[in-house]
């Protein structure tokens, strides 16, 4: 702004200088012209006066008091018509008025002699010399510019009379001045064009350069897309804020699953989403706060705080405001954010440390799920490192195929015969044996976008193994909600069945109620496609979550699996629990579903569940998850158990037979 004012002032000064130069030249020229006009007027007046004095034949008679002759009057009239003489007078040698033109009869009455009329002229002309004055008059008695000439008529070296002539020079002066004005204007235009255009071009180029320099300086400190601070400037200003010895909190904000959103709506719409996030953050922040985009979809907001409650309040507001619907052209997008916060000086005495700890808190929030908020704790650093190690292990397992499946038996409740197995995913630990719990790595795999690829591997591997079993045995596989997101689950399942040769009715796909809450229409459609393949669909963990009965009549599930929490609670003395289980079983049977009870750990539980009508039982009491090399033995054992045992013949019977 200061630069623009300076440029404008410079340009205005240049214009004033040019105009002043033109005006000065005009004044000088005008003065010169006026001088010439005066000289011309003097010459013109003297010439006319001399001409009249020389051509008035009866001048002596007029001076003596006689009236002019007809010839002289005719001469006077012609002189007035031909020239610019608007008044003439004739005086006697002593300067007394003898004759004046009829245009100024009133003058004759008031002016009687040259000494009275013009003392300065009288002093000169009475000596026999010519006197000419150039004067400026006023209407109506005098022209604007005229010459007043006194010429003595001399005969035999004696003044016989004096002739005074008034010559109008107004038109001549106006003509000269008009020409001078035109020349001055032309000169001004020439100067303006000659100097103004280059000056304007120079000013314009200078202004563009300064604007470009200003833009470069701005971009060096701001994010080009959102026009808020960039990481480098944010870190610089944050260090200065920390140096003020005031509590400063940094909130780091990440858009959850931004990559998926960007791929869905396209990069331009993704850029617009980032701009809208920045604008919403600007409405949350104050002028003294620092707001920056520090990564692809990561933002940072730093503020001076006056209590722990302010940290929580700001983080909550960020999650709420940024979680509202975004309008991107003709599309509405739902997006959520996670927030991680750290406060100086407790969590860092400089910008680098404080931001690092805020990002650690952000990673912890993302592990907790969408809309999470976390304040940094020292132990989070170790947790983050462990999580990063697990991420690396997951990616390696996907790339190298080091996942394993464990198979847990599912038995018929009536005769305890083997009905099939449930395939359970396991991730081996590094060295020393053992596995990482699915409750730990599956949520992380979902957040990393790996669960789709992992899930496809599980389906293919489970189908491949089950295809080698007796045809009466089924295989159950758990599905993640993420596997439904691209809408191609049925297609991938069909490919696995075709590749392995497993009959579709031997594959059971288990889902939970939470899946139906996300996008019920899309999920229902895909479930219907799976059913059309001949695959069986089971609702897993029934009894937890919402347990909405509407899902049971909207979609015809093949199996309902009672959550293990009900089974484990049997025998705890809750008199209503048995009634609840009986009601669930009765409902499922009335809808034609197979009922499987999970979590069976005692014989008493198994007997009760069989009595109330459960079709199948699953749990540690009946069989733990086992590696593939033990499955064959389990199937063989079940086969042998099904063969009737013949009673051995007694010794008497053998003797009789031999005899």
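Values quoted throughout were computed directly from the atomic coordinates according to the rules given, and no laboratory measurement underlies them. Keep in mind the model is a prediction, meaning the values are calculated, not measured. For neighbour counting, all protein chains shown are included, and Cβ atoms are generated from backbone atoms with ideal geometry for every residue, glycine included.
Worth pointing out:
- Theoretical FRET efficiency, 1/(1+(r/R0)^6), r = Cβ-Cβ of residue 287 and residue 392, R0 41 Å, to 0.05: 0.45
- Per residue Cα convex hull volume in Å³ - calculated over the range 231-378: 98
- At full extension, residue 572 and residue 205 could sit 123.3 nm farther apart than now, given 0.36 nm per residue minus the alpha carbon distance.
- Between residue 116 and residue 244, the contour length at 0.36 nm per residue exceeds the alpha carbon distance by 36.7 nm.
- Ordering 552, 59 by the number of other Cβ atoms within 10 Å of each residue's own Cβ, fewest first, gives 552, 59.
- For the range 591-609, the residues whose backbone nitrogen is under 20 Å from a point 7 Å from the Cα of residue 524, taken along Cα to Cβ, are 591-593.
- In a fully extended conformation the segment linking residue 601 and residue 189 would gain 137.7 nm over its present Cα-Cα distance, using 0.36 nm per residue.
- Take the Cα of residue 472, step 7 Å toward its Cβ, do the same at residue 429, and the gap between the two points is 4.0 nm.
- Radius ratio Rg over Rh of the range 448-497, counting only Cα atoms, Kirkwood formula for Rh: 1.00
- A Förster distance of 41 Å, applied to the separation of the beta-carbon atoms of residue 74 and residue 175, puts the FRET efficiency at 0.85.
- Protection proxy ranking of 614-621, 470-477, 497-504, by the mean of other Cβ atoms within 10 Å over each peptide's residues and highest first, is 614-621, 470-477, 497-504.
- Using a simple spin-label model with pseudo-atoms 7 Å out from Cα toward Cβ, residue 505 and residue 641 lie 2.5 nm apart.
- Both radii come from the Cα set of the range 477-608: Rg as radius of gyration, Rh as Kirkwood radius; their ratio Rg/Rh reads 1.01.
- Only Cα pairs under 8 Å and 6+ residues apart enter the sum, and on that basis the relative contact order of the range 231-378 stands at 30 percent.
- Largest-first principal axis extents, alpha carbons of the range 317-402, Å: 46, 42, 19
- Packing, taken as the mean count of other beta carbons within 10 Å per residue, orders the peptides 317-325, 403-411, 479-487 from highest to lowest as 403-411, 479-487, 317-325.
- Spin-label pair residue 532-residue 464: with each label point 7 Å from Cα along the Cα-Cβ axis, the two points sit 2.9 nm from one another.
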